[in-house]
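One structure is given here, and the rest of the page talks about it.
The numbers here are math on the coordinates, done by the rules we state, and not lab data. Treat the numbers as computed from the prediction; the structure is a model and nothing was measured. Cβ: placed from backbone, ideal geometry, glycine included. Neighbour counts: every protein chain shown.
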Amino acid sequence: METKSILLAGVGGQGILRASDILCRVFMAVGLDVKKSEVHGMAQRGGCVTSHVRYGQAVHSPLAKKNDIDILVSFEKMETLRYLDYVKESGTVIINTEEIYPPAVNLGDVPYPKNVCEEVRRFFLSVKSVNAAALAIRAGNIRTVNMVLLGALSGCLHLSPELWEKIIDDSFPFKLIAVNRKAFHLGRGL
Amino acid sequence: MKELMSGNEAIARGAFECGARFATGYPGTPSTEIMEAFAKYPGVYAEWSPNEKVAMEVGIGAAIAGARAMVVMKHVGVNVAADPLFTASYTGTNGALVVITADDPSLHSSQNEQDNRHYARFAKIPMLEPADSEEAKAFIKRAFELSEQFDTPVFLRSTTRLSHSKSVVNLEKPLKVDDRTDIRFNAEKFVMVPMNARRRRVVVEKRMQDLRIFAETFPENRIEMNSPDVGIITAGISYHYAKDVFPEYSYLKLGMVHPLPIGLIREFAAQVRKIYVIEELDPFLEEQIRAMGIEVTGKEIFPYTDEFDPGVIEQAITGGGKAQRSLPEIPIPPRPPNLCPGCPHRGLFYVLGKLKVFVSGDIGCYTLSFMKPLEGLHSCICMGAGIGMAHGMSKALGEKGKGKVVGVIGDSTFLHSGITPLLGMAYNHSDAVIVICDNRTTAMTGMQEHPGTGFTLQGNKTIMVDIAALVKTLGIDSVRIVDPYDLKAVRTVLKEELARSGPSVVISRRACVLFKREKSFPRKSFRIDPEKCTGCRLCLGMGCPPIAWQKVSNDSGSATKKTKGKERDGVAVIDRNLCTGCGLCAQLCKSQAITEEKE
Ligand SMILES: Cc1ncc(C[n+]2csc(CCOP(=O)(O)OP(=O)(O)O)c2C)c(N)n1
């Protein structure tokens, strides 16, 4: 199997690193090689956060190059635009429609980008938009946005739901398992 | 057993597996998690030292006592630790001393992009460079063995991408280690006065010669022959980037980047027609290989700056890359890191930004306040520099600088390298005012303990240095403590201290909002009454993430509110999910529009 690449992107504090850890463990559980790469540090302070996940028979680089991402999962609407040049022309884009304003928008200096989903659809065939915050609240905890999006991503990956559930169960303390599972399934059901 | 591990976790694991039981360091991205992971293994001793120089000295001491010691820091930390390290290269070690330098190509979280491979040549110390987590675990073991075998400190170099990428690692059983520590006297080896150091100097050159011979057969320097058309000489993570795009080429992968295996490089060069040297940052390998008379292609096509990825390498070698694609042409607002909602630094720097003084800054979360709209910090060079620079500036300006120069420094940074320059200020009778931004933790790198927090790296209770008393003891007479959540108090105290002649220190004390052990205030949230808001934008001047500007159209009824006779064109709103309730914005509002949210 050739190496495939997934990019999770968003804003510090959205649980992207936890989601990509779970994703990697799922691939490991089916016997694949996997590498992931992310940068923390400054990014925690409300800046951009990305996590590249690459999986296959034998993975070399933990970073994907431009034009090479199979699936982009954007945890914030306008952040989608920042990484489109990484996505293959035939790639899939999953967009959380939540808007988190950067400082320049907060100050009223520049507008928040408009018609993001529509614009992305003009250039990519496979685009899924998700109101992850609403589903996370429905699941019972706004902090499960990452699991909703992981659920949406799982719909593109042809792996058994039981496998995902097992890895999710192993990733959270007992009292948080149910809500995270629920969020995952709400995302997967889309 | 297989485990998904970051490069940093793998380094800690490898050190543990091979019997290292002693580690010290000072936090710094991207190295921090090595110490945090190592500290959790059973039976180890791990500590945060106050700074990297101290850490190096502690490590040297442990190694001389016979331990396998690891000293961990980010690239610029080696600048701080260089003095003891360069001479430890002369003394050698009884046990083992491995120094981890975590470099930061692309400056993800650093003030510069220095290439610490130069330190290996400069200090005459061997350096290993792993390419992924599995190698990180293997190489740290090699590093300890080398240190013992050749009686030398050994560098292990990581980069941000290696430290913070995760890949699959095979866990092995930790070695059972006998205690080899002991007191051994050897003045000729450990007292570096000129007559002894001159002799050790010769030993160092002999050791380098032995290491060059060793490098020729070191199994982690390896040739992978494929097509003889192109040969790639590389090390570290660049190897994987290149393999990703050019699996068909031949490779000389160097696990040891200093000293180089000259014979092996010649052997490889003789087998391939064209050679590329692929390395991030400086042409460190390239220049040495060129000096051997071997023709290579390197920095004429590969960038000097920033980290690589497979695309950068492909683009450089094939020249073209794929044609430009068409994509949405929507301008994307930047998203720089910002002080968190409720950050105690915000109140202090809001006031500093308004005072029209020069704020000589330092490194920590608070450095972010240089940005709009706060603009409350005007220089940042390295850790500890804020104080010395403020003093130098104030002395150079003389009368003109009176009441105009402030130095700021975080609590962790003050204890790292702020005490000595403050002593210098007291001694030389400075006129600058120093503000210590005491948020009770090392926030920037993720809440590490330091001598002011009352706890050690391994979670034991310890002393909590009294910063105010320490400052007084250094000879600073005027020491004031303020709460940065009280804007009026901050302004008053700063103005009074700026008006005074002689040095003074203001401690701005309030725990970091993310710091769970010390709760900074009861969590609540504030709201802005859209009827009362005059649209004056004063609260936006805080740059607090939950506060946003919302335009109101002129024909809606609520657009008729006036400010200074002008009709308002919008109102400020607070995102209650983000608001932590620090209340700073409410202190600014002149029309009492901002109030606590009623549940
Ligand atoms: C020599 C050196 N070591 C480490 C670092 C990484 N680093 C930058 S600031 C900082 C400490 C910040 O803590 P503090 O001064 O308490 O400020 P805070 O972030 O809590 O506001 C560290 C560890 C560095 N830049 N230089």
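With everything on Cα atoms, drop me the angle between helix B:7-17 and the longest principal axis of chain B, reported from 0 to 90° to the nearest 10.
With rounding to tens, the tilt is 50 degrees.
If you average the C-alpha positions of the range A:103-132 and of the range B:328-381 separately, how far apart do those two centres end up, in angstrom?
27
Which ³J(HN,Hα) values in Hz, rounded to whole numbers, follow from the phi angles of the range B:410-423 under the Karplus curve 6.51 cos²θ - 1.76 cosθ + 1.60, where θ = phi - 60° and Gly and Pro get x?
x, 5, 5, 5, 4, 6, 6, 7, x, 5, 4, x, 5, 4
Just to be sure I understand: of the beta bridges DSSP finds with both ends in the protein assembly as shown, what percent are antiparallel, rounded to 5? Let's see the in-between values first.
On the way: 39 of 108 bridges.
So the antiparallel bridges amount to about 35 percent of the total.
Given +1 on the Cβ of Lys and Arg, -1 on the Cβ of Asp and Glu, and no further charges, what dipole in debye does the protein assembly as shown carry about its Cα centre, rounded to the nearest 20? Don't skip to the end; give the middle numbers.
On the way: 97 positive and 88 negative charges, 435 e Å.
Here the size comes out at about 2080 debye.
Can you give the alpha-carbon Rg of the range A:7-72 over 2.2 N^0.38 Å, where N counts its residues? Kindly include the intermediate steps, with their values, before the conclusion.
Details: Rg = 12.1 Å, N = 66, 2.2 N^0.38 = 10.8 Å.
The reported ratio for this selection is 1.12.
Quote the charge dipole size of the range B:222-318 about the Cα centre in Debye, to the nearest 20; the model charges only the Cβ of Lys and Arg (+1) and of Asp and Glu (-1). Please report the intermediate quantities before stating the final value.
Working: 8 positive and 16 negative charges, 91 e Å.
My answer is approximately 440 debye.
Just tell me which lysines come within less than 22 Å, Cα to Cα, of A:K166; anything on the same chain fewer than 8 places away is out.
Leaving aside lysines fewer than 8 places away in the same chain, those within reach of A:K166 are A:K35, A:K36, A:K175, A:K182, B:K2, B:K166.
Where both partners of a DSSP beta bridge lie in the range B:345-509, what percent of those bridges are antiparallel, to the nearest 5?
Details: 2 of 22 bridges.
Of those bridges, close to 10 percent are antiparallel.
Pairing the Cα long axis of helix B:487-499 with the longest principal axis of chain B, what angle in degrees results, from 0 to 90 and rounded to the nearest 10?
Result, in degrees: 80.
Considering only DSSP beta bridges with both partners in the range A:4-188, what is the antiparallel share in %, to the nearest 5? Mind dumping the intermediate values first?
Numbers: 14 of 28 bridges.
If we restrict to bridges inside the range A:4-188, about 50 percent are antiparallel.
Sorting B:T595, B:T413, B:T456 on the 10 Å Cβ count, fewest up front, what's the list? Could you put the intermediate results ahead of the total?
Values: B:T595 14, B:T413 27, B:T456 17.
Exposure proxy ranking, most exposed first: B:T595, B:T456, B:T413.
Once you keep just the Cα pairs under 8 angstrom separated by 6 or more residues, what percentage relative contact order results for the range B:2-213? Could the numbers behind the result be given before it?
Working: 460 pairs, mean separation 57.2, N = 212.
Computed over the range B:2-213, the figure is 27 percent.
May I ask you to derive the relative contact order of chain B, considering only C-alpha pairs under 8 Å and at least 6 residues apart, and to give it as an integer percent?
The normalised contact order for chain B reaches 10 percent.
To make sure I understand, if each residue's beta carbon is the centre and we count other beta carbons within 10 Å, what order do B:K495, A:K88, B:K176 fall in, fewest to most?
Values: B:K495 12, A:K88 16, B:K176 6.
Least to most surrounded, the residues fall as B:K176, B:K495, A:K88.
Based on the alpha-carbon set only, what is the convex hull volume of the range B:222-318 divided per residue, in Å³? Let's see the in-between values first.
On the way: hull volume 8.4 nm³, N = 97.
Considering the Cα atoms of the range B:222-318, their hull volume per residue is 86 Å³.
If I take R0 = 56 Å and measure r between the Cβ atoms of A:C117 and B:I463 in this structure, what FRET efficiency does the formula 1/(1 + (r/R0)^6) give, to the nearest 0.05? List each step's numbers first, then the result.
On the way: r = 56 Å, r/R0 = 1.00.
For R0 = 56 Å, the calculated efficiency reads 0.50.
Would you mind checking the tilt of helix B:385-397 against the longest principal axis of the Cα atoms of chain B, expressed as 0 to 90 degrees and rounded to 10?
On a 0 to 90 degree scale, this one is about 60.
Please enumerate, by chain and number, the lysines with C-alpha under 28 Å from the C-alpha of B:K532, excluding those fewer than 8 residues away in the same chain.
B:K354, B:K372, B:K488, B:K524, B:K551, B:K561, B:K562, B:K564, B:K566, B:K590, B:K598
Rounded to two decimals, what is the ratio between the C-alpha radius of gyration of the protein assembly as shown and 2.2 N^0.38 Å?
Details: Rg = 27.9 Å, N = 789, 2.2 N^0.38 = 27.8 Å.
Ratio of Rg to 2.2 N^0.38 Å for the protein assembly as shown: 1.01.
222 nm [θ] for the protein assembly as shown, helices only, -39500 (n - 2.57) per DSSP H run of 4+, per residue, to 500?
Details: 28 runs with 279 residues, N = 789.
So the helix-based figure for the protein assembly as shown works out to -10500 deg cm²/dmol.
Along the charge dipole of the protein assembly as shown, which of B:P337, B:P84, B:G293 sits closest to the positive end, that is, farthest toward it, with unit charges on the beta carbon of Lys, Arg, Asp and Glu (+1, +1, -1, -1)?
Looking along the dipole axis, the top candidate is B:P337.
Report the gain in length on full extension from B:R222 to B:K173: 0.36 nm times residue separation, minus Cα-Cα distance, nm rounded to one decimal. Write down the numbers at each step before the final one.
Values: separation 49, 0.36 × 49 = 17.64 nm, distance 2.64 nm.
Result: 15.0 nm gained on full extension.
Taking all pairs of distinct Cα atoms, average 1/r, flip it, and tell me the Kirkwood hydrodynamic radius of chain A in Å to one decimal place.
Working: mean 1/r = 0.0598 Å⁻¹.
About 16.7 Å for chain A.
What per residue convex hull volume, in Å³, do the alpha-carbon atoms of the range B:2-213 yield? Numbers along the way, then the final one.
On the way: hull volume 23.5 nm³, N = 212.
Convex hull volume per residue, Cα atoms: 111 Å³.
For chain B, with equal point scatterers placed on the C-alpha atoms only and solvent neglected, what are the log10 I(q)/I(0) values from the Debye formula at q = 0.07 1/Å, to two decimals?
Taken in order of the listed q values, log10 I(q)/I(0) reads -0.53.
Taking 8 Å as the Cα distance limit and 6 or more residues as the minimum spacing, I'd like the relative contact order of the range B:222-318 as a percentage. Could the numbers behind the result be given before it?
On the way: 151 pairs, mean separation 31.1, N = 97.
Averaging sequence separation for qualifying contacts and normalising by length gives 32 percent for the range B:222-318.
When a footprinting reagent is the concern and you count Cβ atoms within 10 Å, what order do B:F16, B:F370, B:F38 take, fewest first? Write down the numbers at each step before the final one.
Working: B:F16 23, B:F370 17, B:F38 28.
Exposure proxy ranking, most exposed first: B:F370, B:F16, B:F38.
Does the range B:423-482 classify as rounded, prolate or oblate by the C-alpha gyration tensor (a ≥ b ≥ c root eigenvalues; a/c under 1.5 gives rounded; else a/b over b/c gives prolate, otherwise oblate)? Each step should come with its number before you reach the end.
On the way: a/c = 2.71, a/b = 2.03, b/c = 1.34.
Verdict is prolate for the range B:423-482.
Answer rounded, prolate or oblate for the range B:165-260, using the Cα gyration tensor with square roots of eigenvalues a ≥ b ≥ c: rounded when a/c is under 1.5, else prolate when a/b is larger than b/c, else oblate.
On the way: a/c = 3.46, a/b = 1.74, b/c = 1.98.
Verdict is oblate for the range B:165-260.
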